[in-house]
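Novice: One structure, pasted below without further comment.
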């Protein structure tokens, strides 16, 4: 059979970034991206400078998919909405949350989103100045991201066929690493597979913001 004729498929940096997101931006390789896109690795490098370049482009691309901040909610409602919005994005792109913590400058892709959320908080009579609102948004964002990383580790299946939660339960049941006289805290349970813990943390943050007076150091945030 002869070679196929016709125009070669067009490739762009956006295609490469989207492919990395779908594979898992925390652990993709250039070879995997090239294979998925049907090109050789050298073709990828014609559009991006490095793997890190792909990661940053992927963050920017993912950040654009966060929704527009609603203007009809209380400031408490905006923080809850933001947590839901971030979780939806992490649902779409597994691996995105872990990569945020291992990529310096990852938040470059959500600068407008940050500004929109803080502006919405201030317009909704947030208790404090813009610096405190940014601090509050950062606390919520960190809580969501950490919870998501934990969630992905718990639900992932290892080479032994066990989920992370099952492996954690096994470790606690054997008690190999803890003396018998120590009472175990935070024993793994099925509720960890849900968002229950994150929701409790979120309400704790909101209640603290409601009762703790603003402090000058937040303005430097």
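Novice: When you go through 179, 98, 104 one by one, which is the residue that is closer than 28 Å to residue 29 by Cβ, out of contact with any helix residue (DSSP H, G or I) (no Cβ under 9 Å at 6 or more places or on another chain) and either modelled with pLDDT under 95 or assigned to a helix (DSSP H, G or I) (or both)?
Specialist: 104
Novice: Those residues that are part of a helix (DSSP H, G or I), surrounded by 14 or more Cβ atoms within 10 Å (Cβ to Cβ) and under 23 Å from the mean Cα position of the chain (by Cα), I need them from segment 150-166; list them, please. First the steps, then the outcome.
Specialist: Going residue by residue through segment 150-166, those that are part of a helix (DSSP H, G or I) are 150-155, 164-166.
Next cut, surrounded by 14 or more Cβ atoms within 10 Å (Cβ to Cβ) only: 150-154, 164-166.
Hits for segment 150-166 are 150, 151, 152, 153, 154, 164, 165.
Novice: Looking at segment 65-76, which of the residues that are out of contact with any helix residue (DSSP H, G or I) (no Cβ under 7 Å at 6 or more places or on another chain) and touching a residue at least 12 places away in the same chain (Cβ under 8 Å) is nearest to residue 149 (Cα to Cα)? Walk me through how you get there before you give the answer.
Specialist: Within segment 65-76, the subset out of contact with any helix residue (DSSP H, G or I) (no Cβ under 7 Å at 6 or more places or on another chain) is 68, 72, 74.
Subsequent filtering for residues that are touching a residue at least 12 places away in the same chain (Cβ under 8 Å) retains 68, 74.
On the way: 68: 24, 74: 28 Å.
Step by step, filter segment 65-76, then rank; the result is 68.
Novice: So, one more: Take residue 169 and decide whether it is assigned to a helix (DSSP H, G or I), outside the structural domain of residue 102 (by TED's automatic domain parsing) and at negative phi. Write out each step before concluding.
Specialist: Working: assigned to a helix (DSSP H, G or I): yes; outside the structural domain of residue 102 (by TED's automatic domain parsing): yes; at negative phi: yes.
Yes: the conditions hold for residue 169.
Novice: Let me confirm something: among 25, 118, which residue is farther than 28 Å from residue 154 by Cα and in contact with a helix residue (DSSP H, G or I) (Cβ under 6 Å, 6 or more places away or on another chain)? Step through it out loud before you land on a result.
Specialist: Numbers: 25 fails: farther than 28 Å from residue 154 by Cα.
Checking each option against the conditions leaves just 118.
Novice: Going by the conditions given, is residue 141 under 30 Å from residue 118 (Cα atoms), assigned by TED's automatic domain parsing to the domain that holds residue 91, at pLDDT 90 or above and surrounded by 13 or more Cβ atoms within 10 Å (Cβ to Cβ)?
Specialist: Yes, satisfied.
Novice: Suppose we filter segment 185-195 for residues that are exposed (fewer than 12 other Cβ atoms within 10 Å of the Cβ) and in a helix (DSSP H, G or I); how many remain?
Specialist: 2
The values are calculated or read from the model by the stated rules, or taken from the named source; none is laboratory data. Remember, it's a predicted structure, so these values are computed and weren't measured experimentally. Cβ coordinates were reconstructed from backbone atoms using ideal geometry, including for glycine residues, and neighbour counts include every protein chain displayed.
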